[in-house]
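Some notes on the structure that comes next.
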Amino acid sequence: ICKDATNVTYSFTEKPSTNITGTYSVTIAATDDGGNVTTATADLIVHADTTPPVIHGSKDITTIVGTEPDYMNGVYVTDEISKYIDLKVDSAQVDINKVGVYPVIYSAIDQYKNSTETTIYITVKETIRVCLDIENLMQKPVLPNGCEVVSLAIALKYNGYDVDPLVLF
């Protein structure tokens, strides 16, 4: 710790290498706003990053035939040390046009070549079509801009309520 009446900046007198693990003796220069410099030596211990990144939010997905899911929705990656992480999604085995269960592989690698992988499954289901026996109500000519209120009246009538779209309007 350096105490001075002005701001102090710190720098290495020689930039140390952090590519190889080990303990290195370094010289640190403290320079105040007046240009006064003092130095001190210290040991710099370089540790290898061996911790892989962590993939969060990956979960099994269900979709309908022909609908491409958003594989990255809610998925992100963190790493304790590395700021540069490459996250990839391998969905090559998924056939969204065919009912089935397919694996999707998420893989992440950090700048120090630590990697992790997780697999989720995409379930592709048949399209479900539901037809309801409902009474249709005409919107026009009385309510030319009343599509919402007419739709509400149709839904309420289907559920047993005796309503008139004009009264709702």
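The values are calculated or read from the model by the stated rules, or taken from the named source; none is laboratory data. Quick caveat, the model's predicted, so the values are computed rather than measured. For neighbour counting, all protein chains shown are included, and Cβ atoms are generated from backbone atoms with ideal geometry for every residue, glycine included. Remember, those area values only see protein heavy atoms, side chains included, never the ligands or the DNA or RNA. Shrake-Rupley method; radii C 1.70, N 1.55, O 1.52, S 1.80 Å.
For beta carbons closer than 9 Å, sequence separation of 6+ or different chains, a first residue in the range 38-55 that is small (G, A, S) and a second that is outside any loop (DSSP other than H, G, I, E, B), the qualifying pairs are A40/T27; A40/I28; A40/A29; A40/A30; A42/S25; A42/V26; A42/T27; A42/I28. Residues in the range 10-69 that are open to solvent by 80 Å² or more (accessible area, probe 1.4 Å) and small (G, A, S): S25 only. Identify the single condition in (1) in contact with an Asp or Glu (Cβ under 8 Å, 6 or more places away or on another chain); (2) outside any loop (DSSP other than H, G, I, E, B); (3) more than 22 Å from P53 (Cβ to Cβ) that A155 does not satisfy, given that it satisfies every other one. Going through (1) in contact with an Asp or Glu (Cβ under 8 Å, 6 or more places away or on another chain); (2) outside any loop (DSSP other than H, G, I, E, B); (3) more than 22 Å from P53 (Cβ to Cβ) one by one, A155 breaks only (1). The set of residues in the range 70-126 being open to solvent by less than 30 Å² (accessible area, probe 1.4 Å), touching a residue at least 40 places away in the same chain (Cβ under 8 Å), of a type outside the set (D, E, K, R) and closer than 30 Å to A48 by Cα consists of Y106, A108, N114.
Counting only residues that are among the β-branched types (V, I, T) and without any contact (Cβ under 8 Å) to a residue 24 or more places away in the chain, which one in the range 4-24 is nearest to G35 (Cα to Cα)? Explain how you work it out, then say what you get.
First, pick out the residues of the range 4-24 that are among the β-branched types (V, I, T): 6, 8-9, 13, 18, 20-21, 23.
Narrowing the set further to residues that are without any contact (Cβ under 8 Å) to a residue 24 or more places away in the chain leaves 9, 23.
Details: T9: 10, T23: 30 Å.
The selected residue is T9.
What number of residues within the range 127-148 are in contact with a Leu (Cβ under 8 Å, 6 or more places away or on another chain) and either open to solvent by 40 Å² or more (accessible area, probe 1.4 Å) or at pLDDT 85 or above (or both)?
Of the range 127-148, the ones in contact with a Leu (Cβ under 8 Å, 6 or more places away or on another chain) are 142-143.
Now restrict to residues that are either open to solvent by 40 Å² or more (accessible area, probe 1.4 Å) or at pLDDT 85 or above (or both): 142.
Summing the residues that are in contact with a Leu (Cβ under 8 Å, 6 or more places away or on another chain) and either open to solvent by 40 Å² or more (accessible area, probe 1.4 Å) or at pLDDT 85 or above (or both) in the range 127-148 gives 1.
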